Every structure is written in C-alpha cells, then in structure tokens.
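K.L.:
One structure coming up, written as structure tokens, with questions to follow.
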Amino acid sequence: MSDRTIPPEQVMASLFRGLGRREQMALMSKLEIAGGAVYRALAAGESNALAREKLLKAAEDEERNGGLLKLMTTPKDKCERCDAALADSAAGHACSFQCTFCEPCAASMNHVCPNCSGTLSPRAAA
C-alpha cells in the first residue's frame, strides 16, 4: 500500500469526472455556496478587521458565483412569456441562463432571449 497523498486539486477534479456539463455546473454551484459558508466561518474568527472584511467579500463572491450557476442549471416548468406549462424538462427552448419559452413563443422571438440576447435552443432531457 502506498502512503502517497492525493493532492486536494486531484480529489476535487475527481468529483467532476463522468459528469455532463449541466451536472458539473450544478455541483460547482453547491461547492461555491459551501465555500461562501467557509469564508464566513473564517471571517467570524478573524481578529484583523481588514482580513475579516476581505474574507466576507470572498464569501459574497462565492455565493454570487454559486447563485449564478444554480440559475443556469435550474430548468423552469413554464413559458416565461405566455405561462404555458411545459410537459417535461425537455419541452421548450432555453438560453444559457435557463430563461425558458414554449416553441411558439421562442419562434415568435426568432429564438433570441429577450432577457440576455442569448440563443434559445431546444432543451435537452435532464
């Protein structure tokens, strides 16, 4: 048996192996949000005011990044334009931010998201 230690970077990378892009983004969202909690815990025990401020800023950055990735990986169940229900996670069209529209609404907007100007593409089954 080897006493070789696996570098933390390799351990983290192994979490993502075999996952699809959306699954990687969802996992990264969870890790970013958890990272924010770690930064906040470190800040709570920091006596240096400037260091505490920087740690809290880092926590905010992690939470913002995690929130963005969560937004980008959470499918919606109805059209954002006409409120039509979408039968399943593959129904409708969405941009990178998961702004979601039914086929008729997406077509009427020339498959361009009115929120971010991204391309509205058919959603893939989850």
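Only the coordinates and a few stated rules stand behind these numbers; no lab work does. It should be emphasised that the depicted structure is a prediction, and the values quoted were computed from it without experimental measurement. Methodologically, a virtual Cβ is constructed for each residue, glycine included, from the backbone with ideal geometry; neighbour enumeration extends over all protein chains shown.
K.L.:
Enumerate the calculated ³J(HN,Hα) couplings along region 39-45 in order (Karplus 6.51 cos²θ - 1.76 cosθ + 1.60, θ = phi - 60°), each rounded to whole Hz, writing x wherever the residue is Gly or Pro.
P.N.:
Using θ = phi - 60°, the values come out as 4, 5, 5, 5, 5, 4, x Hz.
K.L.:
Right, something else. Excluding residue 35 itself, calculate the net charge of residues whose Cβ lies under 12 Å from the Cβ of residue 35, where each Lys or Arg counts +1 and each Asp or Glu counts -1.
P.N.:
With Lys, Arg at +1 and Asp, Glu at -1, the net is -2.
K.L.:
Given a cut-off of under 8 Å on Cα pairs at least six residues apart, what relative contact order in percent is computed for the chain?
P.N.:
18 percent
K.L.:
D for the chain, whole µm²/s, Stokes-Einstein with Kirkwood Rh over alpha-carbon pairs at 20 °C and 1.002 mPa s: what number?
P.N.:
125 µm²/s
K.L.:
Say the dipole of region 8-73 comes from +1 at the beta carbon of Lys and Arg and -1 at that of Asp and Glu; which of 19, 42, 67 then lies farthest toward its positive end?
P.N.:
The listed residue farthest towards the positive side: 19.
K.L.:
Let me ask another. Taking amide hydrogens as modeled 1.01 Å from N in the peptide plane, which residues meet the under 5 Å criterion relative to residue 100, leaving out close sequence neighbours?
P.N.:
For residue 100, the qualifying residues are 80.
K.L.:
Here is a further query. What order do you get for 82-88, 106-112, 22-28 when each peptide is scored by the mean count of other beta carbon atoms within 10 Å, highest first?
P.N.:
Ranking the peptides 82-88, 106-112, 22-28 by packing returns 22-28, 106-112, 82-88.
K.L.:
Separate question: Provide the three semi-axes, in whole Å and in decreasing order, of the ellipsoid equivalent to region 75-126 as defined by the square roots of 5 times the Cα gyration tensor eigenvalues.
P.N.:
So the three semi-axes of region 75-126 are 15, 12, 9 Å.
K.L.:
Applying the Karplus parametrisation 6.51 cos²θ - 1.76 cosθ + 1.60 with θ = phi - 60° to the phi angles of region 53-70, what ³J(HN,Hα) value in whole Hz is obtained for each residue in order, glycine and proline being reported as x?
P.N.:
3J(HN,Hα) across region 53-70, in whole Hz: 4, 5, 5, 5, 5, 4, 4, 4, 4, 4, 5, 5, 4, x, x, 4, 5, 5.
K.L.:
I need the Debye-formula profile for region 8-73: one equal scatterer per C-alpha, no solvent, reported as log10 I(q)/I(0) at q = 0.14, 0.18, 0.21 1/Å, two decimals.
P.N.:
-0.48, -0.69, -0.83
K.L.:
Using amide H atoms built 1.01 Å from N in the peptide plane, name the residues 5+ places from residue 91, or on other chains, whose amide H lies under 5 Å from its own.
P.N.:
So residue 91 has HN proximity to no qualifying residue.
K.L.:
Using +1 on the beta carbon of Lys and Arg, -1 on that of Asp and Glu, and nothing else charged, what's the dipole of the chain about the Cα centre, debye to 20?
P.N.:
80 debye
K.L.:
Ok, one more. At 0.36 nm per residue, minus the direct Cα-Cα distance, what do residue 4 and residue 108 gain on full extension? Give it in nm, one decimal, please.
P.N.:
Computed gain between residue 4 and residue 108 is 31.5 nm.
K.L.:
Now for a different question. Straight-line reach only, C-alpha to C-alpha below 17 angstrom: list the lysines that residue 30 could link to, leaving out same-chain residues fewer than 8 apart.
P.N.:
Output for residue 30: 70.
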